[in-house]
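Student: If you scroll down you'll find the structure; I have some questions about it.
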Amino acid sequence: MDFKDIKILLCDDSMFARKKLGMFLSSLGIVNISEAADGEEAVSKYKEVSPDLVFMDIVMPKLTGIDALKAIKEFDKNAKVVMASSVGTQSHLKQAIVLGAYDFVQKPIDDAQVEKIIRNVMK
Amino acid sequence: MFAQFFGAFLLNNKLVSPETLAQAIDDKKNTRMRLGVLAINAGLMTADQVEHVNVAQQSVDKRFGDLCVDLGYLTPADVDRLLSEQPTDYLLLGQTLVNNGSLSNADFEAAISAYKSHYQLSDDDISNNQNDKLSAIVKDFFHFNTAENARIYTEYVTLLFKNIIRFIGDDFTPLESSVVNTAEAEYIVCQTIHGKYNAEICVACPKAEYIAFAERFAKETFTDVDEYVNEVVGEFLNVNNGLFVVNESNELGIELSLDPQQYIHNGTVKYDGQAFCIPVAFAFGEVEFIISIS
C-alpha cells in the first residue's frame, strides 16, 4: 500500500483539529481522507468508507470517541483506530487498549508519530 | 517564564510603564547582552562599578571587559565565563530597558536583586527553568495561598503559562489577578474538567484580541470570528486542559475528564464559588483566563 492508496478517517469535533491533521496527511501525499465531527458520524462514516485507519478524538458530542471505538470494533474487529486526544490519562489508555485501539497519540499531535503509525499500517 | 514575571515585577513596582514594558518585550529579540548587565546580574560588579568603567571607556580605547580586568573588578576568567553564558530571557529584557534609558544600571541592579530576593531565586534556578520555583512565583504572584485549592490553582496556572509560551508566544506580561463571581466578555470559550474535583476554565476577551489569539495558535490569518476561529481558541483550551489532566493522572493518580467546550458571544458566565481572573497583556492586547476550582 502507498500513501496515495490508503484511506483515512479523521474523527474530531474540532474543525481546526481535523484541518490541521488533514493538512499534514495531504502533505504526505494522502488523498483519501474522510471526516466526522462526532462519535455517531464516525461510526456511520466508518461503515460507509471502510477506511484503513481512523484517528479518533475522545471528547466529542453525541457519542464519545471511546464509545465510537467500541461500536466500530463490534462492526469490524480488524478496524485500526488510533485514539488522538488531549486526554491521554492512564484510564483512557487502559480503556482504549481493552477495546482494541491500534495506538494512542496525545494532542498536540506530533506529526512524526502520525507518519510512523501510517507507515506501519501500510506495511 | 521568569522573564514574564520579571516584567510583571517591574510593572507592579512602577519601575516601568505598561507601554515601555510592551515596547521592550517587542525590542528584546534584537538586543545583544552587554558585559556590565551580565556582571551586575552575577553579583560580580555593582552598578557604580559598571558606570565607572563606562566613564573610563570614554577616554581609553579598550574593550569593556579588558577595562574591568585592569580596574580589578573582574578576572579574565570572569569575563570569559560571563560572555560564554547563554543570556536568559529576563536578562535580555533588563538589557533592553537599560539600552533604551528606561532603567539605569543602578535601577536594574536594585530591581534584579529585589526580584531574586522576593522569590528566593538563584541564577541556576532561572537557567534551569526550575519548575518548583516557577510554581512558587505563580502561587505568590496570584495569591493562590488564599484559595481553598491552592495546589490545583498553582499547578494549573503554571502549566497554562508554559503552554501560552509554547503555543501563543512569550511576548506577554501576567497582570494582577482578582477574585470574581462572573466572567463577562465579547467572546468567551469555556471548558469544564470534572472528576475528584471540578474546574471551570474560560478564555475571555474582546473581538480583536480573540482573533489575534486564534491567529497565533493556528498560525493562520483571520478577518472575523466564525465557527472555525471559535474552535481554534477552543482547541488551545482543550490541549492545555488535556495536558493538565494527564499530569494529574500520571503524577497523582487523579483521574479527571473533560467536557466539550462551550462558546459564548456577548454573554456572562456565573460561578457558584470563587473564581480567579488572570489578565494577561499580550503585544496584541489583553486576554483574561478565569479559573474556578471546587
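The values are calculated or read from the model by the stated rules, or taken from the named source; none is laboratory data. In this text the structure is predicted, and so the values were computed from the model without any measurement. A quick note on method: Cβ atoms are made from the backbone with ideal geometry, for glycine too, and the neighbour counts reach across all protein chains shown.
Student: Filter the range A:60-88 down to the residues that are surrounded by fewer than 24 Cβ atoms within 10 Å (Cβ to Cβ) and within 14 Å of chain B (Cβ to nearest Cβ), then identify the one that is modelled with the lowest pLDDT.
Tutor: Ranking the candidates gives A:Gly88 first.
Student: Specify the residue that is nearest to the other protein chains (Cβ to nearest Cβ); the eligible residues are those in the range B:245-271 that are assigned to a loop (DSSP other than H, G, I, E, B) and closer than 30 Å to B:Val225 by Cα. Spell out the reasoning first.
Tutor: Start the filter on the range B:245-271 by keeping residues that are assigned to a loop (DSSP other than H, G, I, E, B), which leaves B:253-255, B:259-261.
Subset that is closer than 30 Å to B:Val225 by Cα: B:259-261.
Details: B:Asp259: 7, B:Pro260: 5, B:Gln261: 9 Å.
Applying the filter and picking the extreme gives B:Pro260.
Student: Could you identify the single residue in B:Ala77, B:Ala56 that is modelled with pLDDT under 90, surrounded by fewer than 17 Cβ atoms within 10 Å (Cβ to Cβ), more than 18 Å from the chain's Cα centre (by Cα) and part of a helix (DSSP H, G or I)?
Tutor: Working: B:Ala77 fails: modelled with pLDDT under 90.
None of the others qualify; the one that does is B:Ala56.
Student: Is it the case that some residue within the range B:205-221 is at pLDDT below 95, more than 9 Å from chain A (Cβ to nearest Cβ) and either in contact with a Lys or Arg (Cβ under 7 Å, 6 or more places away or on another chain) or assigned to a helix (DSSP H, G or I) (or both)?
Tutor: For the range B:205-221, residues at pLDDT below 95, more than 9 Å from chain A (Cβ to nearest Cβ) and either in contact with a Lys or Arg (Cβ under 7 Å, 6 or more places away or on another chain) or assigned to a helix (DSSP H, G or I) (or both): absent.
Student: Separate question: So which of B:Thr154, B:Thr173, B:Thr158 ends up being outside any helix (DSSP H, G or I) and in the same structural domain as B:Glu215 (by TED's automatic domain parsing)? Before the answer, list the steps.
Tutor: On the way: B:Thr154 fails: outside any helix (DSSP H, G or I); B:Thr158 fails: outside any helix (DSSP H, G or I).
Matching residue, one of B:Thr154, B:Thr173, B:Thr158: B:Thr173.
Student: Is it the case that B:Leu92 is at negative phi, surrounded by 14 or more Cβ atoms within 10 Å (Cβ to Cβ), modelled with pLDDT under 90 and within 27 Å of the chain's Cα centre (by Cα)? Show your work before the answer.
Tutor: Details: at negative phi: yes; surrounded by 14 or more Cβ atoms within 10 Å (Cβ to Cβ): yes; modelled with pLDDT under 90: yes; within 27 Å of the chain's Cα centre (by Cα): yes.
Considered against the rule, which asks whether it is at negative phi, surrounded by 14 or more Cβ atoms within 10 Å (Cβ to Cβ), modelled with pLDDT under 90 and within 27 Å of the chain's Cα centre (by Cα), B:Leu92 comes out as yes.
Student: Moving to a separate point now. Check the range B:248-264 and report whether any residue there is in contact with a Leu (Cβ under 7 Å, 6 or more places away or on another chain) and closer than 30 Å to B:Asp26 by Cβ.
Tutor: no
Student: Suppose we filter the range B:11-34 for residues that are at pLDDT below 90, over 15 Å from B:Tyr90 (Cβ atoms) and assigned to a helix (DSSP H, G or I); how many remain?
Tutor: The number of residues fulfilling the criteria is 2.
Student: On to the next question. Could you tell me which numbered condition A:Val98 fails, if it satisfies all but one of (1) in contact with a helix residue (DSSP H, G or I) (Cβ under 8 Å, 6 or more places away or on another chain); (2) more than 23 Å from B:Gln191 (Cα to Cα); (3) surrounded by fewer than 19 Cβ atoms within 10 Å (Cβ to Cβ)?
Tutor: Single failed check for A:Val98: (1).
Student: Cβ contacts < 6 Å: first residue more than 17 Å from B:Ala42 (Cβ to Cβ), restricted to the range B:91-105; second residue hydrophobic (A, V, I, L, M, F, W, C) and part of a loop (DSSP other than H, G, I, E, B), any location; separation 6+ or different chain. Result?
Tutor: B:Leu97/B:Leu103; B:Ser102/B:Val16
Student: Identify, from the list A:Ser27, A:Ser34, the residue that is free of Cβ contacts under 8 Å to residues at least 24 places away in the same chain and closer than 19 Å to A:Val121 by Cβ.
Tutor: Details: A:Ser34 fails: free of Cβ contacts under 8 Å to residues at least 24 places away in the same chain.
On inspection, the qualifying residue turns out to be A:Ser27.
Student: Just one of (1) in contact with a Ser or Thr (Cβ under 6 Å, 6 or more places away or on another chain); (2) surrounded by fewer than 15 Cβ atoms within 10 Å (Cβ to Cβ) trips up B:Asn238, so point out which.
Tutor: (2)
Student: Within the range B:172-183, does at least one residue satisfy the condition of being charged (D, E, K, R) and crowded, with 19+ Cβ neighbours inside 10 Å? If you could, list the steps in order and put the result at the bottom.
Tutor: Initially, the range B:172-183 is screened for residues charged (D, E, K, R), giving B:176.
Imposing the further condition that a residue be crowded, with 19+ Cβ neighbours inside 10 Å reduces the set to none.
No: the range B:172-183 contains no residue that is charged (D, E, K, R) and crowded, with 19+ Cβ neighbours inside 10 Å.
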